[in-house]
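This report concerns only the one structure given below.
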Amino acid sequence: MLSEVSRRLLEWYAHAARRLPWRGSGDPYAVWVSEVMLQQTRVETVIPYYERWMKRFPTLRELAEAPEGEVLRLWEGLGYYSRARSLHRAARQVLAEYGGSLPAGRAELEKLPGIGAYTAGAIASIAFGADEPALDGNIRRVLARVFNMDLPARSPEGERRLWALAREHLPPGRAGDANQAWMDLGATICLPRKPACPVCPLDDVCQARALGVQDARPVLPERPAVPHHTVTAGVIRREERVLIARRPSHGLLGGLWEFPGGKVEDGESLPECLRRELREELGAQAAVGAEIGVFRHAYTHFRVTLHAFECALEGGEPQALHHSELRWARPGELERFAMGKIDRQIAERLKEPA
């Protein structure tokens, strides 16, 4: 039976749904790609990436058969690179185990790399019409407000309550529309700060709104202070080429190329740090020259200030002691190598006239 909340939500969605390039395609692969890209990333940012991705990898098979480096290069700038690596691995698994067709069942979907409870529910409901709930950040926020949930949203008990609410108000046969409607409502009206309650289709049934506590829902823990790290990187030249190193496939920025260096330890000067890091990472001695620039970036859980320096080898041939691969490349060739934001800024700086 359709609840009053679901009825209003679907009526609103019928005329207010966002027009997005992955909606209405009927292609489970397209839905999957969009959902992975949208994890922790705003729709406006995702759209051009999605369109470039689908132009290069229009089918799951073409993604599965592509080299990892090309996949990461096309993903560059979206961040959270483990998503791209998992998507690539999952495509290969689907090709090998399911003949290239994404499985329709929630349980089978959750066995694939990078697909958790939310993504599985979204794919199953949107792409295959299954009566499955989904629970992302937007949906959590709307449900917590509409039903005035005073439990911490990310606690085990809060998670169970939110999943139960999502399933309780899932309209049979319309789960895909309902899940997308919850997402759209959270993204356009029920915003994290200053929700636009007067124009919300659920305004007069929202329990938190009735009590005036909508800004206090969902209940979230206090954010800890964000650590800041000072790091260095070296631009080592050989004739017309510079040395870049590929990070191991696992971990932060896995599989991306970088200029070697690392974090400053207590009591170290910047040149001392860089010389030590180059010894540890490359097994080589280097002289540290002029500073090329200072670059800053905020990751999810920490911030970085990176100082890049010109360096000259003084002894030892560089070896990939902590990286998966080393490469000498001309500055104009660096655009072919997938890099994180700061290393890409350094690469662009090297292309500038001296």
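The values are calculated or read from the model by the stated rules, or taken from the named source; none is laboratory data. What you are looking at is a predicted structure, and each value in this text was computed from that prediction instead of being measured. Backbone-built Cβ (ideal geometry, glycine too); neighbour counts: all protein chains shown.
Points worth noting:
- When restricted to residues that are surrounded by 15 or more Cβ atoms within 10 Å (Cβ to Cβ) and under 30 Å from Ala225 (Cα atoms), segment 282-291 contains 0.
- Listed conditions (1) touching a helix residue (DSSP H, G or I) at 6+ places or on another chain (Cβ under 8 Å); (2) part of a helix (DSSP H, G or I); (3) not β-branched (Val, Ile, Thr) are all met by Leu170, apart from (2).
- Residue check, Arg238 outside the structural domain of Ala84 (by TED's automatic domain parsing), under 29 Å from Arg336 (Cβ atoms), in contact with a Gly (Cβ under 8 Å, 6 or more places away or on another chain) and of a type outside the set (Gly, Ala, Ser): no
- Counted residues, segment 314-354 - those being under 16 Å from Glu291 (Cα atoms) and either assigned to a strand (DSSP E or B) or touching a strand residue (DSSP E or B) at 6+ places or on another chain (Cβ under 8 Å) (or both): 7
- Test result for Ala178, in the same structural domain as His15 (by TED's automatic domain parsing) and either within 25 Å of Val36 (Cβ to Cβ) or touching a Ser or Thr at 6+ places or on another chain (Cβ under 8 Å) (or both): yes
Residue by residue, here is whether (1) touching a Pro at 6+ places or on another chain (Cβ under 7 Å); (2) without any contact (Cβ under 8 Å) to a residue 12 or more places away in the chain holds:
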position	(1), (2)
Gln214	yes, no
Pro218	no, no
Pro227	no, no
Val231	no, no
Val235	no, no
Glu239	no, yes
Arg247	no, no
Leu252	no, no
Lys263	no, no
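- Residue in segment 262-277 that is within 30 Å of Glu335 (Cα to Cα), of a type outside the set (Ser, Thr, Tyr) and in a loop (DSSP other than H, G, I, E, B) present: yes
- The criterion of being over 30 Å from Glu281 (Cα atoms), in the same structural domain as Leu9 (by TED's automatic domain parsing), surrounded by 22 or more Cβ atoms within 10 Å (Cβ to Cβ) and not basic (Lys, Arg) does not hold for Ala210.
- Only a single item in (1) farther than 23 Å from Tyr118 by Cα; (2) outside any helix (DSSP H, G or I); (3) out of contact with any Asp or Glu (no Cβ under 9 Å at 6 or more places or on another chain) is not met by Pro221, and it is number (1).
- Test for Arg246: is it of a type outside the set (S, T, N, Q) and within 21 Å of Met339 (Cα to Cα): yes
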